[in-house]
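Below is one structure, written out as structure tokens, with a few remarks after it.
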Amino acid sequence: MKLMHKNNHRKWYRPAGMAMISLAGSLLLTGCFDSSSQDNEINSGIYFDISTVDYSAVTVDASAADLAPGARLLASQCAECHGTYGVAVRDWPDLWGSGRQISNWMKLYQDLNYEDNMMHVHALGYTEDEVNLLKTYYPKIEYSGAQ
Amino acid sequence: MRKSTIDLEIRHAMWSRRRFLKTGAGILAGMAGLNALPIQAAADPHKIVVVGGGFGGATAAKYFKLWARESGLDVDVTLIDPNANYSSPILSGMVVTRQLEIDRLDFSFDRLRDVHNVNLLQDSVTAIDSAGKTVTLSDGTTTLPYDRLILAPGISFIDVEGWDKDKIPHGWSGRDQLQLLTQQLADFPEGGTFVLKVPAAPYRCPPGPYERASTVADYLQVQNKNARVIVLDAQADIAIESETFHDLYDEFGVEYYGNIQVQRVNSGDDEGNGKSITYVTLEKDIDGNVIGQSSEQTIEADVINLIGDHKAADLIFEAGLNDGNWAPVNPLTYESTISGKEFIHILGDSQGTPIVKAGQAANNEAKVCVDAILRILAGETPYGSPIVTVGCSAPVTQTKVNWAGNIWRYNAGTLQMEKYVGKFAPEPSEANWQPMLQWAHNLFADSFG
């Protein structure tokens, strides 16, 4: 499974390169530029590999289906920054398997000392009932994949 | 309660029955009793067609598959997009300032297909038959049936007289446009003039137009271009973080003008010469009503970044899903509220709630929509108090990053989403740079990975 992901990762860049060649061709018509030279001068070292989460290693306990409405949905909104099912990428805090810690964190981040932290906004935005729903969901998730 | 197979079949039958009863034949079948219902429907997967593979569409396709499996539902999901990859506007400011390779923001749909079993169709939808519940593809004859149709087609631009987008880029949507603007700025002449037109709100972000202006001004200064940089804003004044951006504009010598209405542009010749933008300055009263305007003024420029005023994508208008420039939806499900357009849901930039037109918002709306539809398919009701959370970051210079966090909450009284919490970073900072990359990476992975 992980090998397949690696292959996908390599494949990911191929169509982009192809598109670039065809784009360069079409832009020659408008007398603009050779686009392929552009990126060669940049070496950002920044990559966004989206294939690191192994979904075959994610387990959602069957009892998650019985949670109150809103638990799954509210938890998925954390995933925008903390990864699908709370399995984060790029050395960012995971949420899968978390229970009580979530309400601890959310209380902590309400403190004004954290006002320069994005989590301050989210900690203020969730009601206590909503935080309790998050606490019911994330303990249902297990992840056994490499990170 | 565990969802046994028998329970599921009953749910499917109930759902099929409700649909069936909406038709004339269904009413007769309903009168004849349950035995007359099409039993085979229980075994058929629910057909979900998603149009548009941006943050909203890709997230919807992925989460339909993830959550249907958990709910014991069978959904067949097809994602239709004219491109093989999605070029992310998020972080595109770093491409414009040559700090990031454009390829790094291309996300293919392969993972949706290979890992999540979404069907991919590289094509365009040209028509929607909301009564027959089919979409027509670009050949004009091939149709695809749906039980639920999810539209996440992004934005289009209100036209400006003389605007040839191949010469005057918006750089606001799609890889080709981003590349064109990047190249024009890379070729920027010494002592040249750059004009950026800020669209009227609501506009897509991040990056926002004010950030684009400050990052480009910084970039041209670092390149020693001795450039004249002019911002023409549709708003009376900078709409977000006014002080921060005025300070940045002062630092970089940016000329800023508010209440601008563009009359027309000259897109110039094939060599890129002869470009100009002609505008008037509107006079407004205290309520923002226009009470007069200046005489026309024209600026000749080497590069014009005309970020036109936004509206919903063309498909929304062609399908009769718009009310004004946007598509009205029920924020509990994102289903169209226009009569006769049931089972069509609109996500992201084209929908008309007050939620910001951000990729992260579209990702969030997709989850609300998918959760609601799966609950409906399971015979339940949608979650009644959804929130939408957004925490966007963007560079404001080549070294400093700003963020804005906002949360919208459903108001059961007004039936609308309303801003609940909103906050900006205390000041732009180098310290926000790595968190921005981490935020974006997780958002990319959650949406496309």
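Quick check: anything in segment B:331-343 touching a strand residue (DSSP E or B) at 6+ places or on another chain (Cβ under 6 Å) and facing chain A (nearest Cβ under 9 Å)?
There is no residue in segment B:331-343 that is touching a strand residue (DSSP E or B) at 6+ places or on another chain (Cβ under 6 Å) and facing chain A (nearest Cβ under 9 Å).
Among the residues in segment B:339-357, are any under 15 Å from the mean Cα position of the chain (by Cα), within 30 Å of residue B:252 (Cα to Cα) and in the same structural domain as residue B:93 (by TED's automatic domain parsing)?
Yes: segment B:339-357 contains one or more residues that are under 15 Å from the mean Cα position of the chain (by Cα), within 30 Å of residue B:252 (Cα to Cα) and in the same structural domain as residue B:93 (by TED's automatic domain parsing).
List the pairs whose first member sits in segment A:48-62 and is of a type in the set (Val, Ile, Thr), whose second member is in a loop (DSSP other than H, G, I, E, B), and whose Cβ atoms are under 6 Å apart, counting only residues at least 6 apart or on separate chains?
Short answer, once both residue conditions are applied: A:50/B:449; A:52/A:89; A:53/A:87.
Return the residue satisfying two criteria in turn: it lies in segment B:66-93 and is charged (D, E, K, R) and more than 10 Å from every other protein chain (Cβ to nearest Cβ), and of such residues it is least open to solvent (accessible area, probe 1.4 Å).
B:81
Could you tell me whether segment B:72-88 includes any residue that is at pLDDT below 95 and not aliphatic (A, V, I, L, M)?
yes
Just to be sure I understand the filter: pairs with C-beta atoms under 6 Å, separated by 6 or more residues or on different chains, first member in segment B:54-75 and in contact (Cβ under 8 Å) with a residue 40 or more places away in the chain, second member of a type in the set (Ser, Thr, Tyr). Which pairs pass?
Matching pairs, first to second residue: B:54/B:86; B:55/B:447; B:58/B:447; B:59/B:447.
Mind listing just one residue for me: the one in segment B:409-438 that is open to solvent by less than 10 Å² (accessible area, probe 1.4 Å) and of a type outside the set (Gly, Ala, Ser) and, of those, nearest to the other protein chains (Cβ to nearest Cβ)?
Out of the qualifying residues, it is B:437.
Only residues that are assigned to a loop (DSSP other than H, G, I, E, B) and either facing chain B (nearest Cβ under 7 Å) or open to solvent by 20 Å² or more (accessible area, probe 1.4 Å) (or both): list them for segment A:63-95, please.
A:67, A:68, A:69, A:70, A:83, A:88, A:89, A:90, A:91, A:92, A:93, A:94
Those residues that are open to solvent by less than 20 Å² (accessible area, probe 1.4 Å) and either on the phi > 0 side of the Ramachandran plot or touching a residue at least 24 places away in the same chain (Cβ under 8 Å) (or both), I need them from segment B:166-187; list them, please.
Matches in segment B:166-187: B:168, B:169, B:170, B:171, B:172, B:178, B:179, B:181, B:182, B:185.
Taking into account only those residues within segment A:121-147 that are under 19 Å from the mean Cα position of the chain (by Cα) and more than 17 Å from residue A:101 (Cα to Cα), which is nearest to the other protein chains (Cβ to nearest Cβ)?
The residue in question is A:121.
Among A:98, A:103, which is touching a Gly at 6+ places or on another chain (Cβ under 9 Å) and surrounded by 16 or more Cβ atoms within 10 Å (Cβ to Cβ)?
Only one candidate qualifies: A:98.
Say whether the condition of being crowded, with 19+ Cβ neighbours inside 10 Å and in contact with a Gly (Cβ under 8 Å, 6 or more places away or on another chain) is met by at least one residue in segment B:333-340.
No; the residues of segment B:333-340 include none that is crowded, with 19+ Cβ neighbours inside 10 Å and in contact with a Gly (Cβ under 8 Å, 6 or more places away or on another chain).
Inspect all residues belonging to segment B:260-279 and state whether any of them is within 14 Å of chain A (Cβ to nearest Cβ), under 17 Å from residue B:196 (Cβ atoms), small (Gly, Ala, Ser) and within 28 Å of the chain's Cα centre (by Cα).
For segment B:260-279, residues within 14 Å of chain A (Cβ to nearest Cβ), under 17 Å from residue B:196 (Cβ atoms), small (Gly, Ala, Ser) and within 28 Å of the chain's Cα centre (by Cα): present.
Consider residue B:400 against the criteria (1) open to solvent by less than 10 Å² (accessible area, probe 1.4 Å); (2) of a type outside the set (A, V, I, L, M, F, W, C); (3) at pLDDT 95 or above: it satisfies all of them except one. Which criterion is unmet?
Unmet condition: (1).
Give the residues of segment B:144-153 that are of a type outside the set (D, E, K, R), outside any loop (DSSP other than H, G, I, E, B) and surrounded by 14 or more Cβ atoms within 10 Å (Cβ to Cβ), sorted by residue number.
The answer is B:144, B:149, B:150, B:151.
With B:132, B:162 as the choices, which residue is without any contact (Cβ under 8 Å) to a residue 60 or more places away in the chain and assigned to a loop (DSSP other than H, G, I, E, B)?
From the options B:132, B:162, the qualifying one is B:132.
Among the residues of segment B:350-361, write down those that are open to solvent by less than 10 Å² (accessible area, probe 1.4 Å) and within 11 Å of residue B:389 (Cα to Cα).
Selection gives B:355, B:358, B:360, B:361.
What do you reckon, is residue B:301 under 26 Å from residue B:127 (Cβ atoms) and touching a residue at least 60 places away in the same chain (Cβ under 8 Å)?
no
Just wondering, is there one or more residues in segment B:232-250 that are small (Gly, Ala, Ser) and under 24 Å from residue B:166 (Cβ atoms)?
Scanning segment B:232-250 turns up at least one residue that is small (Gly, Ala, Ser) and under 24 Å from residue B:166 (Cβ atoms).
The values are calculated or read from the model by the stated rules, or taken from the named source; none is laboratory data. Because the structure is a prediction, the values reported are computed rather than measured. Methodologically, a virtual Cβ is constructed for each residue, glycine included, from the backbone with ideal geometry; neighbour enumeration extends over all protein chains shown. Protein only, heavy atoms only, side chains kept; ligands, DNA and RNA dropped before computing areas. Shrake-Rupley method; radii C 1.70, N 1.55, O 1.52, S 1.80 Å.
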